[in-house]
Structures are given as C-alpha cells and as structure tokens.
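Trainee: Got a structure for you, questions after.
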Amino acid sequence: MPAFSCAFPGCRRDLLVIVLVVFVGIGLPIEASAPAYQSHGTEGSHLTNITNTKKAFPVLAVNYEHVRKPFEIALWILLALLMKLGFHLIPRLSAVVPESCLLIVVGLLVGGLIKVIGEEPPVLDSQLFFLCLLPPIILDAGYFLPIRPFTENVGTILVFAVIGTLWNAFFMGGLLYALCQIESVGLSGVDLLACLLFGSIVSAVDPVAVLAVFEEIHINELVHILVFGESLLNDAVTVVLYNLFEEFSKVGTVTVLDVFLGVVCFFVVSLGGVLVGAIYGFLAAFTSRFTSHTRVIEPLFVFLYSYMAYLSSEMFHLSGIMALIACGVVMRPYVEANISHKSYTTIKYFLKMWSSVSETLIFIFLGVSTVAGPHAWNWTFVITTVILCLVSRVLGVIGLTFIINKFRIVKLTKKDQFIVAYGGLRGAIAFSLGYLLSNSHQMRNLFLTAIITVIFFTVFVQGMTIRPLVELLAVKKKKESKPSINEEIHTEFLDHLLTGVEGVCGHYGHYHWKEKLNRFNKTYVKRWLIAGENFKEPELIAFYRKMELKQAIMMVESGQLPSVLPSTISMQNIQPRAIPRVSKKREEEIRRILRANLQNNKQKMRSRSYSRHTLFDADEEDNVSEVRLRKTKMEMERRVSVMERRMSHYLTVPANRESPRPGVRRVRFESDNQVFSADSFPTVHFEQPSPPSTPDAVSLEEEEEEEVPKRPSLKADIEGPRGNASDNHQGELDYQRLARCLSDPGPNKDKEDDDPFMSC
Amino acid sequence: MGALQSLSDEPEYRELAEKTGFSFEQIGILHKRFKQLSHNEDMLRRADLDTIPDLACNPIRTQIIEAFFDKRNFHQNGDGTVEEISFEEFLVVMSHFRPPALNMTEEQREKVRREKLRFLFNMHDTDNDGTITLEEYRHVVEELLSRSGALGKETAKGIADAAMLEVASISMGHMEPDEFYEGITFEHFLKILKDIEIETKMNIRFLNMDTTTLCNRDSSSIR
C-alpha cells in the first residue's frame with residue numbers, strides 16, 4: 001500500500017486502524033443526526049420554489065431524506081466491513097479472539113456511542129434478520145455442504161438435532177419452571193408454558209455462531225459435520241416447538257390432541273421444507289441445462305431459486321433453513337456439470353461474500369441490540385439459565401452418544417463427544433426468536449436478557465476457549481491435503497469394493513443403497529438435468545479434470561509447480577520396460593539433431609500450446625496470462641518443461657473426432673458441452689506429417705483442426721520434434737523417443753535468450 | 001433360530017472368533033450365508049459367488065471374487081490362488097472389513113490400517129510380485145471405468161499414468177531420467193494412502209441379529 005508506506009511495517013497497520021476509528025466516529029453522528037437534515041432540506045426546496053424569481057438557482061443543495069434509507073444501510077454495511085478489515089490487520093488479536101466476539105464488542109461500542117449521542121440505537125429487526133441476513137449464510141453452508149461425511153453421519157446428526165434439541169428444551173423449561181416456583185426468586189408469575197417456550201428458544205444450536213467459531217479451529221471432519229449438521233437440521237424442531245408453545249401459552253392449556261398434532265406438525269414442517277427445497281433445486285438444475293448461451297446470468301438462477309425456496313417454505317411456516325439446504329444440496333451436482341467455470345467461481349465468491357457480510361452484520365447488530373434492548377435483570381434466572389444450558393447440553397450429548405454408538409460402525413470417542421457438547425453455541429437465531437415474542441408476554445424482557453446472556457456466554461467464553469481446548473486435548477484436526485488422484489481412485493474403488501462385499505454378505509447395507517441411488521441418478525435423473533452428453537461422464541474423470549484444472553491455474557498464478565511434484569520424474573521413469581531402450585550413443589545423436597533443428601520452433605510452439613493448455617477460455621484474458629506465463633516460464637524453465645510433459649501425458653482424455661490424426665493427443669479441461677468418446681486408435685502411432693515450416697503455420701493448423709477453437713492440442717508439440725527428426729521412424733522406438741524428446745532438457749537451456757516470443 | 005444353531009457349534013466358533021475377532025452371532029450369520037452361497041456344501045467356489053445378483057453390476061466384481069480366493073488374504077503366508085475355500089478362509093477374508101474396536105491404541109490402529117491396505121494392495125497386485133506395476137494399475141482404473149461405457153482405455157490409461165506419476169513423485173522424490181520406477185511397493189502404497197484413514201472407511205456392518213430369514217433372502221439370492 002504505497003499510500004501508507006512508512007519506515008516501520010507496524011505503523012501502516014496502526015494508521016489504518018486510526019483511520020477506521022475516525023471514520024466510525026464521524027459516520028455515526030451523521031446517521032444519528034440524520035433527522036435534523038431532512039427538515040432543512042425540504043424547507044430549503046420549498047423556499048426556493050416559492051421565491052424563485054428572486055433567488056439564484058441552487059447550485060448546491062442537501063437533500064438527505066431522498067437517500068436516507070439506502071444511505072444508512074450502505075453506511076452500516078461499510079462500517080461493519082471496515083471493522084472486519086481492521087481486525088485482520090491486527091494479527092495477534094485475531095489469533096486469540098474469534099471474529100464473532102470482536103464484532104459483538106464493536107456492536108456494543110457502536111450501540112453505546114449512539115446511546116451517548118442521545119439517539120435510539122437500532123435493534124436487530126427480526127424481519128430483516130430472517131428474510132435478509134440469515135438466508136445467505138445458510139445457502140452458503142448448504143451449497144458447499146460436504147455431502148459424503150454428511151450422508152455417512154446423517155443418522156447421528158438427526159438424532160442430535162431432533163432428540164437433542166427436544167431434550168434441551170424440556171429439561172431447561174422444566175427446571176426453570178421449578179426454579180420459578182421457589183418463592184425467593186420472585187418470579188412466581190411465570191407459568192410452565194412460558195418456561196417451555198423460553199426453553200425451546202434457547203435450546204437450539206445456532207448455525208451462524210457454529211460456523212463462525214468452527215471455521216477458525218479446523219477441527220476434524222467428523223466432529224465438524226456433526227455439530228454443523230445438527231445446527232442446520234434442528235431448525236425444524238425449533239420452528240415447531242416455538243410455534244407450538246407460542247400458541248399454547250396464549251390459550252393456557254395443552255391437551256393430548258395438541259401434542260399429537262405437534263408431532264405431526266414436526267414431520268410436516270421438516271419434510272415439507274425439504275420437499276420444497278428439493279423441488280426448487282430440481283427446477284434450478286433443469287434451468288441450468290439451457291443456459292449455455294447466456295452464461296452471464298447463470299449464478300443468478302442459483303441464488304434466486306434458492307431464495308424462492310426459502311421464502312416459499314417460510315410462507316407455509318415450513319422450515320426455511322431445511323428448504324435452503326435441500327435446494328443447495330440437490331441442485332449442486334447438476335448445476336456444476338452445466339455451468340461454466342467462471343459462473344462457478346462467481347457463485348462461490350458471491351455466496352462467500354454475502355454470507356460474510358451477513359455474519360458480520362448479525363454480530364454487530366447483536367452487540368447494538370444488547371445496548372438498545374429493554375432489559376429486566378434477575379440474577380438467579382439468568383445465571384441458572386446459563387448453567388442449565390451447559391448442563392443439559394453435556395448430559396444430552398453423553399446420553400445420546402451412548403445410544404448412538406450402538407448403531408455406529410465408527411464410534412464417537414470421548415474427545416469427539418466433548419467437542420460436540422462444547423461446540424453447541426447459541427446465537428442470533430435465538431435472539432431473533434425471542435425478539436419476535438409479542439409484548440403480551442410479561443416475561444419478554446427477562447427472557448430477552450437471559451437469551452442475550454446465554455449468547456454472550458457461549459460466543460465469548462466457549463468460543464474463545466474452544467481453540468486452546470482443542471489443542472490441549474489433541475483433538476484430531478482437519479487434514480489439509482491436496483486432492484490426490486490416487487486417493488480419488490481408491491475412494492471410488494473402496495465404494496465398489498464395499499458394495500460388493502456387502503453383496504457377498506447378503507444384507508442390504510449403507511453401500512448397497514448408495515449404489516442404487518447412484519445408478520438411479522445416472523440412468524434417469526442426470527439425463528434430464530445435465531446438458532449435452534456430459535451426464536455419461538463418470539465421477540473419476542470429472543475429478544481428474546478438475547484437479548488438472550486446479551493445478552494448471554495454480555501454475556499460472558504462482559509460476560511454480562505445486563509442491564507435490566519434484567522436478568525430475570517424468571513418464572519415462574514409469575514406462576513399462578518392454579519398450580527397448582536406445583543405446584546411449586544413439587540417444588546423444590538424436591539429442592543433437594533435435595537440438596539443432598528445434599531451436600525456435602519447439603520453443604515457440606511449446607510456449608503457445610503450453611499457454612493454451614493451462615488457460616482454458618480463449619478470451620483476451622488469455623493474452624495477458626500468456627505473457628505472464630511466458631515470464632514465469634523463463635524463470636522456471638526446467639520445471640515448466642517437466643510440468644508440461646506431465647500434462648501432455650496426463651491430459652489424454654480423448655475427444656470426439658472424425659478423422660483420427662495419429663500422434664495427436666488432445667487436451668480438454670472443461671466439458672462445456674464436449675463429448676468424450678474413445679478414440680479408435682491405440683497408443684501413439686506415427687505417420688510422416690509435413691514438418692511445419694513456421695510456428696505460425698503450426699498454429700493455424702491447430703486452429704483449423706480444432707472442432708471447438710478453444711481447445712489446444714499437443715499436436716504441435718509432438719510434431720515439431722518428430723517433423724524435424726524425420727530420420728528415425730522405427731515403430732517401436734517412436735513412443736520411447738517421444739518420451740525422450742519431451743523429457744529432453746537440452747534445448748531449453750539454450751533457448752531462453754534467442755526466442756523472440758519470450759518478450760517480457 | 002440362528003442363535004441356537006450357533007451355540008451348538010460353539011467350540012469351533014470359539015476358535016474362529018479368536019482368530020478373526022467376530023462375535024459368535026456374527027459368525028453364525030456368516031456361516032448361514034456361506035451355506036446359502038455354497039448350496040450347503042463345505043467349500044465355496046468362484047461360480048457360487050458369480051451368481052450373486054448384487055455383484056452383477058459391480059465394475060470390479062472379478063477382483064472382488066478373486067480376493068476371496070487369494071491365498072495371500074488367508075493370513076497363512078501362502079500365495080497363489082485356490083479354486084475353492086472353506087468357511088474359515090471365507091471368514092478370514094471377511095475379517096478384513098471389521099471396524100477397529102473403540103479403544104484401540106495407536107499402534108493397534110496402525111496394525112489394522114496396514115492389514116486393510118495390504119488387502120487392497122493384494123487386490124491390485126495380481127501377479128504377486130510385491131509391486132503394482134503400471135500395467136496392473138492401468139488395469140485397475142480400466143475396470144473402475146468399465147461401466148462408464150464409451151470412454152474406455154485411453155482415458156483410463158491417462159488417469160492411471162497420472163496416478164503412477166504422483167506415486168513416483170511422492171515416494172521417490174528425485175529420479176534420474178534413465179532410472180526406472182519399477183512399481184508401487186507396499187510401503188509406497190501405505191504412504192500415498194495414509195490420508196484416507198482407511199481403518200474408519202473400509203468397514204461394513206456385520207449383523208448381530210439374524211434378519212435374513214425375515215427378509216426371505218434364501219430363495220432370492222440364488223437365481
């Protein structure tokens with residue numbers, strides 16, 4: 001940041017923090033004193049209208065009222081984001097304190113500031129929360145939900161979500177009612193239903209808080225998906241219990257029929273929500289099948305269908321969160337097969353962006369609302385609530401795990417249980433639900449205070465201490481592993497193996513049903529929802545291409561190979577020994593010839609074809625990247641050539657072609673409606689093509705031959721050396737020679753200086 | 001019914017239980033299944049396993065069936081294949097898919113992991129030379145993709161080559177251009193798959209209760 005360049009790196013950061021604080025300090029009084037402006041504005045314009053003949057034309061006038069609402073919203077969001085920016089500039093702080101805590105503190109400060117000024121701080125409006133702030137976070141979570149661990153543990157998750165939440169609600173409600181019966185507390189006016197209502201509000205684990213805290217501790221996948229899945233799926237229970245008790249507490253009595261209806265309602269709410277979500281998900285997938293000509297609006301379909309799913313289910317009082325999750329999960333595999341890579345990136349970044357903004361705003365508003373909200377403090381009640389929350393959670397988790405472990409293949413250890421129990425954070429959903437309580441509840445303020453205290457406790461105390469506890473208990477962390485083709489092959493292999501062994505054993509287990517679902521999916525569903533011929537493409541190939549794509553992108557961006565690969569291993573190291581080797585002398589001869597003849601051609605072609613390999617969209621963007629690529633190539637010449645060799649052998653997924661051109665292997669990155677089909681010819685057979693005279697001729701040939709002009713081919717690469725070393729054409733030597741040519745590091749070293757394309 | 005039957009064979013089962021780690025009920029159920037598959041004979045043949053309808057659409061069924069008849073999986077230090085197996089050998093092969101116990105030490109888990117990975121390795125290393133060569137790996141990938149229809153050999157070859165290169169890169173680090181990477185040894189295999197946590201993944205649920213009679217599987221499994 002040149003504007004802030006200082007002698008010491010630290011002072012840059014401090015400057016920015018100071019700027020932020022000043023900004024905040026100025027921003028708030030503007031908003032707070034907003035009403036003052038409006039009267040001036042309108043008055044002013046009136047005056048000028050009436051006496052227009054005398055007054056000069058108003059060159060500059062202030063009309064704040066005109067832009068008030070959007071201005072305030074934008075300013076709030078901007079301030080929230082600047083705060084977030086500020087935290088990350090202070091590394092020591094962000095390592096110790098989770099972001100959510102800091103944001104709440106900022107909210108408290110802002111709320112305090114506003115109160116000091118004398119204005120009324122805005123409270124987190126429940127409507128705003130549920131309709132605008134929550135959906136992006138849930139959609140982000142649902143769309144990127146890791147399906148495999150989720151489905152493997154769905155039974156456990158459901159048990160925790162449903163039974164665990166019910167247990168929490170009733171345990172807390174019941175005990176609090178018992179507490180209120182004690183005379184000394186002074187709350188004898190609280191009846192059982194009100195307590196149960198309170199219990200149901202405060203018992204649900206909150207996805208926003210869990211996401212915010214767990215994201216930073218990188219815990220192992222199993223525990224993460226358990227807590228996170230629970231926080232998502234308990235929404236149905238919360239909705240039903242809340243509505244149930246809200247209705248009942250107005251009436252005052254409960255009958256058996258009501259309880260039965262409540263149970264039925266639960267199933268309706270949860271399954272209905274999932275159904276609504278799934279319907280919209282399929283609609284979105286179907287729509288994405290036809291978007292090949294309007295790529296720009298693809299992301300919007302994803303967002304809008306999901307939001308509609310949420311709103312539709314909220315309309316019917318079904319579980320909106322479950323609808324959103326179902327929609328994201330259902331549509332993702334099909335949409336991702338249909339949309340372009342750029343749309344995928346757009347979706348990813350927009351979701352992350354919106355969920356980040358929402359989360360930030362939620363926590364800040366929580367802080368502000370704490371300052372603003374009406375409070376009724378009762379020491380006993382609040383403290384008991386906090387303690388009971390913890391106790392009921394721990395008891396619930398232990399009890400349920402005991403039962404669940406009887407049914408799980410891989411049992412949950414004590415450490416897992418501890419983290420699941422300790423990670424049950426409460427958050428803004430509880431607050432909003434509390435805020436939604438109508439004012440007829442005489443205990444509303446007390447409840448709100450208690451809820452806020454619980455939220456603060458869980459977010460601050462549990463949120464801050466969970467990281468050192470995870471370290472202390474040496475809980476398994478998430479493995480940061482690069483996608484490995486071997487792992488992917490073996491994961492799929494294992495799936496089939498386990499399905500097969502289950503078949504031998506004779507009972508229909510987990511893998512059997514998964515296999516059946518996959519087959520159904522492939523034969524019927526994919527046909528309708530995936531554009532072009534892609535639906536036939538098996539997962540392994542899709543993964544393989546994605547991986548190569550990622551590595552290629554990494555290559556272009558960083559100019560280095562991913563660290564997995566060392567520099568010298570190439571195809572020839574692993575070729576079967578059956579191919580006879582050339583004597584060393586012969587090899588030298590070949591090398592010399594190649595070196596002599598290949599000077600410019602090979603280099604240029606390779607650089608051009610190489611750059612097209614790694615870049616997959618033939619836009620103008622390519623040119624920029626091409627230049628960058630050539631630059632980095634110069635730096636990492638040797639390794640680059642190895643990478644390219646690697647890729648030339650990897651990316652042999654063949655394309656659909658009319659005339660089999662020998663010796664050509666085409667490279668494709670993304671399907672984009674391409675068809676994969678086997679090539680009829682076996683491994684590389686060579687004919688004698690006309691040697692390309694100039695690199696331009698080669699590239700023209702490339703262009704002509706391409707069915708889709710975007711995709712490059714290795715043809716140029718292979719033809720070059722071969723064309724020039726036309727003397728040696730013994731069949732059995734060809735492949736090996738090819739390998740040697742491509743792995744030959746010789747010409748590269750001489751090339752750098754005189755290659756005209758290598759212009760910086 | 002199942003429980004009574006197993007109790008009557010108890011001494012035999014006890015020895016098997018000790019060897020393989022299954023419980024008596026599980027052994028009883030598996031014995032029933034064995035008898036069902038082998039048409040009440042003592043020995044099971046390849047043809048018997050071929051008749052299982054669930055395996056019909058499995059892309060790697062030949063390898064799975066072979067694994068049952070592979071002497072290396074019998075824990076008796078033999079090698080080669082046999083034509084028919086007894087119940088004990090059937091059980092030993094099945095025991096590779098038992099989940100690890102809840103309170104195992106780290107080295108016990110490591111042992112379990114090695115055992116399971118050894119099973120997988122044996123499945124790939126068909127000529128039993130201790131290494132998975134490029135051809136064998138290509139064959140594995142081809143079989144995996146064999147159900148996908150049109151894509152066939154070229155793709156499989158590309159993927160297998162890529163995978164092999166990855167293994168070589170991870171295990172060998174640096175190699176001269178004229179050095180030759182023979183194949184994936186067991187140690188390399190362990191290394192590349194160490195992140196998968198095989199001991200939690202390569203398990204199936206073995207029934208403790210006899211539900212086969214309830215589901216009327218007897219007639220339907222052998223068509």
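The values are calculated or read from the model by the stated rules, or taken from the named source; none is laboratory data. Predicted model, so just to flag it, every value in this text is computed and none were measured. Note that we place each Cβ from the backbone using ideal geometry, even for glycine, and neighbour counts take in every protein chain shown. Note: accessible area is taken over every heavy atom of the protein model, side chains too, but ligands, DNA and RNA are not part of it. Shrake-Rupley method; radii C 1.70, N 1.55, O 1.52, S 1.80 Å.
Trainee: Please give the contour-minus-distance gain from residue A:119 to residue A:557: 0.36 nm per residue of separation, less the Cα-Cα distance, rounded to one decimal in nm.
Mentor: Answer, rounded to one decimal: 152.7 nm.
Trainee: Over the stretch B:26-114, consider all pairs of different Cα atoms and compute the Kirkwood hydrodynamic radius from their mean reciprocal separation; express it in Å, one decimal.
Mentor: For the stretch B:26-114, the Kirkwood estimate is 14.4 Å.
Trainee: Can you pull the mean other chain C-beta count within 10 Å for peptide A:405-416?
Mentor: Average per residue, whole number: 3.
Trainee: I'd like the chymotrypsin sites (Phe, Trp or Tyr not before Pro) in the stretch A:122-184 restricted to DSSP loop residues with at most 16 other Cβ atoms within 10 Å, sorted by number.
Mentor: Here the chymotrypsin sites (Phe, Trp or Tyr not before Pro) that fit, given the DSSP loop and packing criteria, are A:144.
Trainee: Hey, how many Å between the Cα centroid of the stretch A:231-250 and the Cα centroid of the stretch A:385-421?
Mentor: 23 Å
Trainee: Round to a whole angstrom and tell me the spacing of the C-alpha centers of the stretch B:8-67 and the stretch A:145-197.
Mentor: 47 Å
Trainee: Moving on. Which of the three applies to the stretch A:306-437, rounded, prolate or oblate, going by the alpha-carbon gyration tensor with a ≥ b ≥ c and a/c under 1.5 meaning rounded?
Mentor: The shape class here is oblate.
Trainee: Heads up, I need the accessible area for residue A:510: 1.4 angstrom probe, whole protein in place, Å², nearest 10.
Mentor: Approximately 90 Å² for this residue.
Trainee: I want to check the label-to-label distance for residue A:132 and residue B:84. Put each point 7 Å from Cα in the C-beta direction and report it in nm to one decimal.
Mentor: If labels sit at residue A:132 and residue B:84, their model points lie 7.8 nm apart.
Trainee: Next question. Among A:400, A:60, B:207, what's the order by accessible area (1.4 angstrom probe), most exposed first?
Mentor: A:60, B:207, A:400
Trainee: So how do A:322, A:331, A:308 rank on accessible area, 1.4 Å probe, biggest first, that is with the largest at the start?
Mentor: Largest accessible area first, the list is A:308, A:322, A:331.
Trainee: To continue, here is another question. Give me the summed buried accessible area for the B-A pair, 1.4 Å probe, to the nearest 100 Å².
Mentor: Separately minus together, B and A give about 6600 Å² buried.
Trainee: While we're here: Per residue, how much accessible area does the stretch B:1-160 show when a 1.4 Å probe rolls over the protein heavy atoms, in square angstrom?
Mentor: For the stretch B:1-160, the solvent-accessible area averages 46 Å² per residue.
Trainee: Counting only other chains, what is the mean number of Cβ atoms within 10 angstrom of the Cβ of each residue in peptide B:184-196?
Mentor: The shielding value for this peptide is 3.
Trainee: In whole angstrom, how long is each semi-axis of the equivalent ellipsoid of the stretch A:133-248, when you take the square root of 5 times every eigenvalue of its Cα gyration tensor and sort them from largest down? Intermediate results must be reported in sequence, preceding the final value.
Mentor: On the way: eigenvalues 204, 37, 35 Å².
For the stretch A:133-248, the ellipsoid semi-axes come out as 32, 14, 13 Å.
Trainee: DSSP loop (so not H, G, I, E, B), at most 11 other Cβ within 10 Å: list which trypsin sites (Lys or Arg not before Pro) in the stretch A:48-148 pass both filters.
Mentor: A:54, A:55
Trainee: Can you send over the solvent-accessible area of residue B:57, 1.4 Å probe, protein chains only, in Å² to the nearest 10?
Mentor: The accessible area of residue B:57 comes to roughly 40 Å².
Trainee: Given the Cα atoms of the stretch A:88-134, and with Rh set as the inverse mean 1/r over their pairs in the Kirkwood sense, what is Rg to Rh to two decimals?
Mentor: On the way: Rg = 13.9 Å, Rh = 12.6 Å.
Dividing the radius of gyration by the Kirkwood radius yields 1.10.
Trainee: While we're on this one: Please give me the summed charge of the neighbours of residue A:335: other residues whose Cβ is under 10 Å from its Cβ, Lys and Arg +1, Asp and Glu -1.
Mentor: Result for the neighbourhood of residue A:335: 0.
Trainee: Heavy-atom accessible area per residue, the stretch A:409-496, 1.4 Å probe: how many Å²?
Mentor: Heavy-atom accessible area per residue stands at 38 Å².
Trainee: For the pairs A:477/B:201; A:84/A:479; A:406/A:479; A:352/A:514; B:116/B:191; B:116/B:157, note any where the Cα-Cα span goes beyond 19 Å.
Mentor: Correct reply: A:84/A:479; A:406/A:479; A:352/A:514; B:116/B:157.
Trainee: Separate question: Would you kindly calculate the translational diffusion coefficient of the stretch A:384-508, applying Stokes-Einstein with the Kirkwood radius from alpha carbon pairs, for 25 °C and a viscosity of 0.890 mPa s, and quote it in µm² s⁻¹ without decimals?
Mentor: The Stokes-Einstein estimate is 132 µm²/s.
Trainee: Please list, by residue number, every one of the GluC sites (Glu not before Pro) in the stretch A:121-224 that is coil in DSSP and has at most 16 other beta-carbon atoms within 10 Å.
Mentor: Hits after loop and neighbour filter: nothing returned.
Trainee: Let me ask something additional. Over what distance in Å are the Cα centres of the stretch B:123-142 and the stretch A:490-520 separated?
Mentor: If we compute the Cα centre of each part, the gap is 23 Å.
Trainee: Over the whole of B:52-62, what's the average partner chain Cβ count within 10 Å per residue? Rounded to a whole number, please.
Mentor: Mean shielding by partner chains, rounded to a whole number: 5.
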